[in-house]
């Protein structure tokens, strides 16, 4: 009986952890909406339904913008400038940052999954992602592209320069293909 009571208490507390922040946020927003609505009802000669919601959303968005502009961005830039002064740390940091932004940044770099024939004799193929189609900056001309091959069960990979004719596009979302590669081919959607 004691075990059952302990389990129920644990589940109850976990439930509070899940629902508490959401409930409090909804209550605060509801209170703000109604207070702002009632404030405008007293100031304006006519009633505009939903004006409180618009004002609260606009205010929160403006606060978020200025918070990012004056707090988050300067702090991030301060630490990045600090890291740039240490050459070895700068190399590691910038490489990891670029890799993360390739996966989850605004400009996702691993968006073109491909199957690449790496050995014509044995028909060996590898799954990878086209990362660059214009290699003139590094002195490579012709019909070649850069293809990144992630390693399975690791946060690493290899970059190959591959002839375009050895590449076949994979018509699947890049996230599914990445999951397939990282899992060593055992992941199914």
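The values are calculated or read from the model by the stated rules, or taken from the named source; none is laboratory data. Because the structure is predicted, anything quoted here is derived from the model rather than measured. Ideal geometry is used to build each Cβ from the backbone, glycine not excepted, and the neighbour counts take in all protein chains shown.
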Only unsatisfied item for residue 78, checking (1) within 30 Å of residue 184 (Cβ to Cβ); (2) at pLDDT 75 or above, is (1)
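Conditions tested, residue by residue: (1) part of a loop (DSSP other than H, G, I, E, B); (2) over 16 Å from residue 112 (Cβ atoms); (3) under 19 Å from the mean Cα position of the chain (by Cα).
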residue	(1), (2), (3)
141	yes, yes, no
161	no, no, no
171	yes, no, no
176	no, no, yes
180	no, no, yes
187	yes, yes, no
Considering region 39-90, residues that are in contact with a helix residue (DSSP H, G or I) (Cβ under 9 Å, 6 or more places away or on another chain) and exposed (fewer than 11 other Cβ atoms within 10 Å of the Cβ), and then whichever is farthest from residue 26 (Cα to Cα), we arrive at 44
Answer with yes or no whether residue 116 is over 30 Å from residue 38 (Cβ atoms), modelled with pLDDT under 85 and surrounded by 13 or more Cβ atoms within 10 Å (Cβ to Cβ). no
